[in-house]
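The values are calculated or read from the model by the stated rules, or taken from the named source; none is laboratory data. All values derive from a computational prediction rather than experimental measurement. Here the Cβ positions follow ideal geometry from the backbone for every residue, glycine too, while neighbour counts run over all protein chains shown. Note: areas computed on protein heavy atoms with side chains; ligands, DNA, RNA excluded. Shrake-Rupley method; radii C 1.70, N 1.55, O 1.52, S 1.80 Å.
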Amino acid sequence: MAALLALCGFAVGGVMSRQGGHPPAPGAVEPERSPGSLLAERTGADWPVFDPDFTPEPPEIDVRGSGPDFGFLGDQSTGARPPDPEIAVGPDHVVVVVNSRLTIRNKSDGSQTFARTLSGPFGFWGDVGAGTFVFDPVAQYDTHTDRFVVAAGEHTGGRMYLDIAISDDADPNGAWIKHRVDMTDFGTGMDYPILGIDEGSISITCNFFGEPLGAWIFIFDKAQLLAGKVAMNPVRVSTFNPPTGAVMNPDTAPPAQYFVSPWSDANNLLRLLAITDPNGAPALTEYQLSVPTFNGPVDADQLGTTNLADTVDWRIKHGVVRNGSMWIAHNTRVTEQGPGGPFDVRMTSKARWYEIALNGWPASGSEPTLTQTGLIDEGFGVHTWCADISADSAGNAAIVFNRSSADEFISVSRAVRRATDPPGTFRQGVVLKSSTSPETLDRWGDYAGIQEDPVEPGVFWGHGEYRTTSWRTWVGRFSPQTPNPIDFSLESPPDGAAGVNVASLLNWEDAEDATSYDVTIATDPDLINTVVTTNVIASSWLIPNGTLDCHTVYFWGITANGIGGTTTSTPGVFTFTTGLIADLNNDGVVDTADLGILLSAFGSGGPVGDLNGDNVVDTADLGILLTGFGQGCD
């Protein structure tokens, strides 16, 4: 496709329509082949389901949440599921969108200043003719123009539309420039619009489940949209219908407009797409980047039901490009080995994230490279999914996601990493808001949203689903600049140690950003039946005399506390057995009776008397006993 498809527009409030009919889909920038060897476990359209018996619930007001981060209610059930929460963050307000409503809230306290359904003549796009089925809304704040951008799909009378709106300034409570673009000639069953923004363009990716099948990128000239007109370049990227992820790119003068998909030639490749000259004669370049193998996710266990929460598939929704690095995330399936032995194996879903150095591709002639990747791993049997990721100009990153297990309700959670943290790692997740009931229906998500604050660099706002009596969404504010402590390990006594003195010193690694540590000793591995809990400043603690019994198995763990939340030691628990290694008759003292036992076994292979575990009772064991001679367990 060489020529720009010029689409004539009317003033704000007018119905946007193409001039001169509906030109056929161009072919010059289509790929020579369309990767299709890898199909996700899900096929078919995923537009929302509306409950015909829905009765609105009384409005809720909920501020702060269950974690250390400030937050507030985003929205509550509209009768559609799933909610598909997205967020755009401006200087003073956030715009949160769900199926099928747009709400504006003050950042300072979460108070609502505006709310409107998206569909119908009285809905948000009603003044440009939107019908009664507007769905899958997306939203971002455009830092290049300091305006809010929202978009959604629409099915009306057998026709497909993209509905687009841009605020006239940084206050979303004022006027909006609105467009309704007929997309029917590109296919039927249009679904899953995803929004990307760079310096000169606004792009929306869509997949079409009706004839003809296809995945498209629709590139809109931003200046024309702001002028009340539509100038669009369509680029077809597949002849079947996999979703294509789009990115927010705050960088100036980017080499290209970037997109990404996990649907590629193999499940260890990501398909990167670059479109140069997007507003003129767009040219599509593709590169398949090698990454660790990923697999279709399993649905997620949750407390209170055998029903599994829908994790959708491995699609990539959103990402960000900062300083030439692309940050993206998606779901994958992992096989985990549990603590219960070789047969304690589970398959869980985990969010995987990537940082990809674009290296000026494609204009530079260099190819993209994988900088780092990792999993959001909250422990054995804990699912993490519906992730969205962002990063700041300093290379710090933040991710928002859902998490659950058979022992916990689904929560909205977040995690952060500093640029100086070990590669491939995020710090442990922090719960923003927990559900109070399980999801018993068939849909969840389908995604979450995140964006950096445009006036507080390094601060991020996330938006995700949880539920009480029905679904809700939560908005949370957090920052890698004030994180929970970095992961740390227990040191001594080592796990499984025997003959540990009841007045021993516990040691663990210093955890960066920790302000204090909670020490717990218990008689069970879940640290429920506690013997002692205390809070200390240093990374060691001497167990006081009289606290522990002799010849008893104990379990201990440490929680590091920080401004941005808590972090549990890795592994979470060590065990030790109190006693004196040379107290062979277990009477609480090393004396001549123990010496007699050892001498009677001298020269044998033990185990009695083999104090150092080398399978022989010899002078080394005798030396250990004599060193401890006269010591008592207490």
Can you run phi through the Karplus equation (6.51, -1.76, 1.60; θ = phi - 60°) for region 512-527 and list ³J(HN,Hα) in whole Hz, with x for Gly and Pro? 4, 6, 7, 9, 6, 10, 9, 9, 10, 10, 9, 9, 9, x, 8, 6
Semi-axes in Å, largest first, for the chain (Cα gyration tensor, √(5λ)) are 56, 25, 21
Skip the ligands, DNA and RNA, and give the accessible area per residue of region 113-223 with a 1.4 Å probe, whole Å². 26 Å²
Gained length - N268 relative to D92, 0.36 nm times residue gap less alpha-carbon distance: 59.2 nm
Charge dipole (the chain, unit charges on Cβ, about Cα centre) - positive-most of A394, Q631, Q481: A394
Mind listing the Cα extents of region 250-318 along all three principal axes, in Å, largest one first? 54, 26, 19
Restricted to the chain, the DSSP antiparallel beta bridge percent, nearest 5, is 95 percent
From phi via Karplus (6.51, -1.76, 1.60), per-residue ³J(HN,Hα) for region 247-253 in Hz, x at Gly/Pro: 10, 8, 10, x, 5, 8, 6
Given charges of +1 on the Cβ of Lys and Arg and -1 on the Cβ of Asp and Glu, with all other atoms neutral, how large is the dipole of the chain about its Cα centre, in debye to the nearest 20? 2280 debye
What percentages, rounded to whole numbers, describe P(r) for region 512-634 computed over all alpha carbon pairs with 5 Å bin width beginning at zero? 2, 11, 16, 15, 13, 12, 11, 9, 6, 3, 1, 0
Once the other residues with Cβ under 15 Å from the Cβ of G174 are scored (Lys, Arg +1; Asp, Glu -1), what is the net sum? -3
Counting helices only, and only those DSSP H runs with n ≥ 4, report the 222 nm mean residue ellipticity of the chain as the sum of -39,500 (n - 2.57) divided by its residues, in deg cm²/dmol to the nearest 500. -1000 deg cm²/dmol
Separation of region 526-558 and region 380-448 by C-alpha centroid, Å? 31 Å
With R₀ set to 45 angstrom, the calculated FRET efficiency between the beta-carbons of T425 and Q112, to the nearest 0.05, is 0.75
Nearest 0.05, what FRET efficiency do T552 and R346 give at R0 = 30 Å with Cβ-Cβ as r? 0.40
Of all the accessible heavy-atom surface of the chain, with the other protein chains kept in place and a 1.4 Å probe, what percent is carbon and sulfur? 53 percent
How large is Rg/Rh for region 88-228, to two decimals, with Cα atoms and a Kirkwood Rh? 0.96
Karplus ³J(HN,Hα) for region 336-344 (6.51 cos²θ - 1.76 cosθ + 1.60, θ = phi - 60°; Hz, whole; x = Gly/Pro) runs 10, 9, x, x, x, x, x, 9, 8
If you bin the C-alpha pair distances of region 391-449 every 5 Å from 0, what whole percents do you get? 4, 16, 22, 21, 15, 10, 7, 4, 0
Between beta-carbons, use under 12 Å as the cut-off and find the net charge around D594, counting Lys and Arg +1, Asp and Glu -1. -4
The answer for the net charge of residues other than P278 whose Cβ lies under 12 angstrom from its Cβ, with Lys and Arg +1 and Asp and Glu -1, is -3
Stick to the Cα atoms of region 227-273, pair each with every other, and give me the Kirkwood hydrodynamic radius in Å at one decimal. 13.1 Å
Reciprocal mean inverse distance between Cα atoms of region 432-488 - Kirkwood radius, Å: 13.3 Å
Calculated FRET value between A394 and N307, using beta carbons and R₀ = 35 Å, to 0.05: 0.25
Long-range amide H partners of S77, meaning residues 5 or more apart or on another chain whose placed amide H is closer than 5 Å, are W471
For region 165-234, what percent of Cα pairs sit more than 20 Å apart? 34 percent
Sort out for me the Cα centre separation of region 251-298 from region 582-634, rounded to whole Å. 67 Å
Between N615 and T482, what length comes free when the chain is fully extended (0.36 nm per residue of separation minus the Cα-Cα distance, one decimal in nm)? 42.7 nm
Ranked from highest to lowest mean number of other Cβ atoms within 10 Å per residue, what is the order of the peptides 72-79, 290-297, 424-431? 72-79, 424-431, 290-297
If packing is taken as the average count of other Cβ atoms within 10 Å, what order do 138-149, 512-523 fall into, highest mean first? 138-149, 512-523
Probe of 1.4 angstrom, ligands and nucleic acids ignored: what's the accessible area per residue over region 499-591, in square angstrom? 43 Å²
Could you pull out every residue, at least 5 positions away or on a different chain, whose amide H is within less than 5 Å of the one on S504? Hs are placed 1.01 Å off N in the peptide plane, and Pro or chain starts have none. I543
Amide H contacts under 5 Å for S203, placed H, 5+ residues apart: G196, I197, D198, F220
Average accessible area per residue (Å²) across region 390-475 - probe 1.4 Å, nucleic acids and ligands excluded: 27 Å²
Under the classification rounded if a/c is under 1.5, otherwise prolate if a/b is larger than b/c and oblate if not, where does region 432-545 fall, given a ≥ b ≥ c as square roots of the Cα gyration tensor eigenvalues? oblate
